[in-house]
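Okay, so here's the structure we're looking at.
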Amino acid sequence: MKECDEFVQDLARKAGRLLCEKLNSKHRIRYKGTIDLVTEADKMAEKMIIEAISRRFPDHGILSEESAERNEKASLRWIVDPLDGTTNYAHGFPFFCVSIALEQNGRMILGVVYDPIRDELFVARHQRGASLNGRRIRVSKTGDLSKSLLATGFPYDIRESKENNLNYFNAMALQAQAVRRPGAAALDLAYLAAGRLDGFWELKLKPWDTAAGCLLVEEAGGVVTDLKGRPWTVDSPGVIGSNGLIHDQMIKVIQKAKKSNQTSKRAAGALR
């Protein structure tokens with residue numbers, strides 16, 4: 001584990017430095033959807049990370065956002081987001097990160113989220129806690145949703161799909177002290193682990209968005225579930241993370257908003 005630990009921290013820093021070097025360059029952008037984009041920096045950072053993992057650990061699996069999965073049957077699998085917050089990055093908005101996690105037989109055992117702008121390296125190790133630049137971190141102690149600072153994000157198909165988080169956002173904004181939408185789920189989760197946020201939720205996330213961040217939250221003493229309160233897995237499309245104290249309150253707001261939305265749909269259908 002120590003070999004993997006030191007390796008991934010160094011790798012995340014190298015990828016972060018590359019992203020910073022390219023931040024103010026003119027970006028070549030390719031669209032994967034109407035608003036879902038990828039820059040050349042994504043690809044360069046991903047190439048660096050995948051090649052380094054493949055050289056050091058040729059038998060390990062690799063799941064990354066922009067490339068085909070490698071060694072799918074391996075017991076150890078790296079889950080990589082070379083640039084979480086691509087839209088921010090493409091606009092020069094300085095909130096993005098590198099996220100790398102190591103999974104062993106379905107369990108996250110190591111997670112790193114690196115913010116190169118602030119030089120903040122968040123690290124989580126299974127059953128060994130979470131840290132920020134080497135110092136132990138813990139989730140907040142806020143126990144009242146109305147006094148909580150939350151974060152969320154919206155899916156890339158927000159223009160096409162009715163499952164777009166707008167109903168949950170509206171409901172949560174009325175119950176929490178404030179809701180932020182920074183635009184990088186892995187970094188949002190790292191902030192939750194560090195006590196800077198009290199809760200987080202989002203829909204339609206991928207494994208590379210959540211693998212490292214959710215381990216950080218759990219190892220910092222927080223709670224992570226799916227939107228119904230069931231155990232979170234790396235394949236869960238939706239996630240609620242919190243300091244644990246406001247978790248049930250968040251679930252109740254989500255479920256009430258969902259029920260209200262379903263009732264509205266049925267009423268609209270009956271009027272046709």
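The values are calculated or read from the model by the stated rules, or taken from the named source; none is laboratory data. All of these numbers come straight from a predicted model, not from anything done at the bench. Don't worry about glycine lacking a Cβ; one is built from the backbone with ideal geometry, like all the others, and counts go over all protein chains shown. Accessible surface is based on the protein model in full, side chains and every heavy atom, while ligands, DNA and RNA are left aside. Shrake-Rupley method; radii C 1.70, N 1.55, O 1.52, S 1.80 Å.
Structural remarks
- In angstrom, the C-alpha Rg and Dmax of the range 101-233 are 14.5, 43.
- Charges were assigned to the Cβ only: +1 to each Lys and Arg, -1 to each Asp and Glu. The resulting dipole of the chain about its Cα centre is roughly 760 debye.
- Rolling a 1.4 Å probe over the heavy atoms of the protein chains gives the chain an accessible area of 48 Å² per residue.
- Nitroxide proxy distance, nm - points 7 Å out along Cα→Cβ at Asp248 and Thr87: 3.5
- Stretchable slack from Lys228 to Ser75, in nm (0.36 nm times residue separation minus alpha-carbon distance): 52.2 nm
- Among the listed pairs Lys141/Lys162; Lys73/Lys162; Lys206/Lys252; Lys141/Lys256; Lys47/Lys258, those with a Cα-Cα distance over 30 Å are Lys141/Lys162; Lys73/Lys162; Lys47/Lys258.
- Highest average packing first - 133-143, 89-99, Cβ atoms within 10 Å: 89-99, 133-143
- Between amide H atoms placed 1.01 Å from N, distances below 5 Å from Ser148 occur with Gln177, Ala178, all of them 5 or more places distant or on a separate chain.
- Length released on extending from Lys47 to Arg180, taking residue separation times 0.36 nm less the Cα-Cα span: 44.7 nm
- In plain terms, the chain is cut at each of the GluC sites (Glu not before Pro) found in a DSSP loop with at most 12 other Cβ atoms within 10 Å, and the longest leftover piece is 161-272.
- Sites Met1 and Lys141 - FRET efficiency at Förster radius 35 Å, r taken between beta-carbons, to 0.05: 0.70
- Radius of gyration over Kirkwood radius for the chain, both on Cα atoms: the Rg/Rh ratio is 0.98.
- Potential extension, Asp157-His126 segment - 0.36 nm per residue separation minus Cα distance: 7.8 nm
- Here the simple spin-label model places points 7 Å from the Cα toward Cβ, and for Asn170 and Lys259 these points are separated by 1.8 nm.
- Apportionment of accessible area to carbon and sulfur, the range 55-128, percent (1.4 Å): 41
- Taking every full run of DSSP H in the chain, the ones that stretch at least 15 Å from end to end by Cα along their long axis and average -1.0 or higher on the Kyte-Doolittle scale are 2-22, 40-56, 207-219, 247-271.
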